[in-house]
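To keep things clear, I will list the structure first and then write my remarks on it.
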Amino acid sequence: MSENLPRVETVVDDLYSLPPADFVSHRAAYVTRFKKAGDKAGATRIGALRKPTLVAWLVNTLARRDESALAELFDLGEQLERAQQRGDGHRLRELSTARSTSIRALTDRAVSLGRDLGATVGDNAAREISNTLNAAMADAEIRDRVRAGRTVVAETYSGFGPALLSIVPDPPDDDDDAESDPASPEVEDDRPNTDEAERNRLLAELESAESDLDAAAVESAEAQSDTERTASEVRSAATEVEQIEAELEAARARAQAAREAHEAGVVQAEFTAEALEAARIRVAEARSALEELS
């Protein structure tokens with residue numbers, strides 16, 4: 001009877017809720033389980049899942065532990081988009097301040113969750129969490145991954161794709177900014193500089209390569225296991241063949257002995273039949289002689 005497997009989506013959620021150090025071993029266990037149950041498609045999909053970075057895991061944990069706060073952040077992003085489309089400078093400044101406050105609070109929350117779970121979270125990781133949350137406000141695909149708790153690497157918004165928040169103004173630094181025309185507010189480009197973007201790209205490639213290496217190692221281990229199992233089966237079959245051949249040889253010897261015994265029995269039967277016939281003749285002759293004397 002086939003095993004009652006969980007849904008693949010349930011497996012994905014389970015894997016991306018795990019610390020990165022536990023991801024590969026659990027993924028391999030699921031792949032083996034699905035293969036044994038005959039679900040090759042499910043095993044292939046699970047095996048292709050990429051191991052999340054520490055930052056991605058912290059964002060995923062935040063999405064699972066504080067879903068309502070993330071929903072508020074994304075709602076704030078939609079309000080920013082509408083204000084930007086209207087050119088409402090005053091509203092943009094208010095929302096930008098709220099955005100910065102919300103991202104800072106959520107970043108602190110993610111860092112705290114990670115430390116509570118035993119992770120070492122430095123300043124760079126905190127900065128990448130903030131970048132990822134900011135990118136999620138501006139890019140629908142990133143937002144969907146973050147909301148689902150399936151982030152794989154730290155995210156940044158490149159300024160291409162959906163035209164949501166390629167630029168979002170930050171709050172003014174002094175009172176002079178408040179005197180500027182509200183219809184034409186000063187804005188800052190939130191896109192990372194070229195060096196940071198290249199660094200993030202290389203980090204993502206490194207994570208992808210490491211994930212592929214992990215997957216290859218799992219496949220190699222499974223292949224080695226299959227090879228060892230097959231070799232064991234070959235040895236077992238060879239032993240069985242040897243036993244059968246020995247039994248066959250013994251059966252042939254018994255058959256030969258039986259044939260020889262049968263042939264000897266036939267000769268003995270013929271000899272006995274001849275002796276019986278001779279005895280009958282002597283009995284007949286004796287009776288005849290006895291009758292003549294009478």
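The values are calculated or read from the model by the stated rules, or taken from the named source; none is laboratory data. Here the structure is a predicted model, which means the values were calculated and not measured. All Cβ positions, glycine included, derive from the backbone under ideal geometry; neighbour counts span all protein chains shown. The protein model used for the area step is the full one, side chains on, heavy atoms only, and it has no ligands, DNA or RNA in it. Shrake-Rupley method; radii C 1.70, N 1.55, O 1.52, S 1.80 Å.
Matching residues to (1) under 13 Å from the mean Cα position of the chain (by Cα); (2) in contact (Cβ under 8 Å) with a residue 60 or more places away in the chain:
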| position | (1), (2) |
| --- | --- |
| Tyr16 | yes, yes |
| Ala37 | no, no |
| Pro52 | yes, yes |
| Ala56 | no, yes |
| Leu70 | no, yes |
| Phe74 | no, yes |
| Gly77 | no, yes |
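In this structure, Leu5 does not qualify as within 19 Å of Arg150 (Cβ to Cβ), in contact (Cβ under 8 Å) with a residue 12 or more places away in the chain and surrounded by 13 or more Cβ atoms within 10 Å (Cβ to Cβ).
The set of residues in segment 111-133 being more than 18 Å from Ser17 (Cβ to Cβ), touching a helix residue (DSSP H, G or I) at 6+ places or on another chain (Cβ under 7 Å) and either open to solvent by 20 Å² or more (accessible area, probe 1.4 Å) or small (Gly, Ala, Ser) (or both) consists of Ala125, Ala126, Glu128, Ser130. Quick check: anything in segment 39-50 among the charged types (D, E, K, R), under 13 Å from the mean Cα position of the chain (by Cα), within 30 Å of Thr107 (Cα to Cα) and open to solvent by 70 Å² or more (accessible area, probe 1.4 Å)? Yes: segment 39-50 contains one or more residues that are among the charged types (D, E, K, R), under 13 Å from the mean Cα position of the chain (by Cα), within 30 Å of Thr107 (Cα to Cα) and open to solvent by 70 Å² or more (accessible area, probe 1.4 Å). Could you tell me whether Phe23 is assigned to a helix (DSSP H, G or I) and more than 28 Å from Ala154 (Cβ to Cβ)? No. Find the residue count for segment 51-87, including only residues that are under 19 Å from Asp116 (Cα atoms), among the acidic types (Asp, Glu) and open to solvent by 50 Å² or more (accessible area, probe 1.4 Å). Total meeting the criteria: 1. Per the conditions (1) touching a residue at least 60 places away in the same chain (Cβ under 8 Å); (2) closer than 16 Å to Trp57 by Cα, the sole criterion not satisfied by Arg115 is (1). With respect to the stated conditions, Asp75 fails to be acidic (Asp, Glu), part of a helix (DSSP H, G or I) and modelled with pLDDT of 90 or more. Asp108 falls short on exactly one of the conditions (1) at pLDDT 90 or above; (2) surrounded by fewer than 16 Cβ atoms within 10 Å (Cβ to Cβ); (3) part of a loop (DSSP other than H, G, I, E, B), and that condition is (3). Residue check: Val31 meets all listed conditions (1) more than 13 Å from the chain's Cα centre (by Cα); (2) more than 20 Å from Ala154 (Cβ to Cβ); (3) among the β-branched types (Val, Ile, Thr) but one, namely (1).
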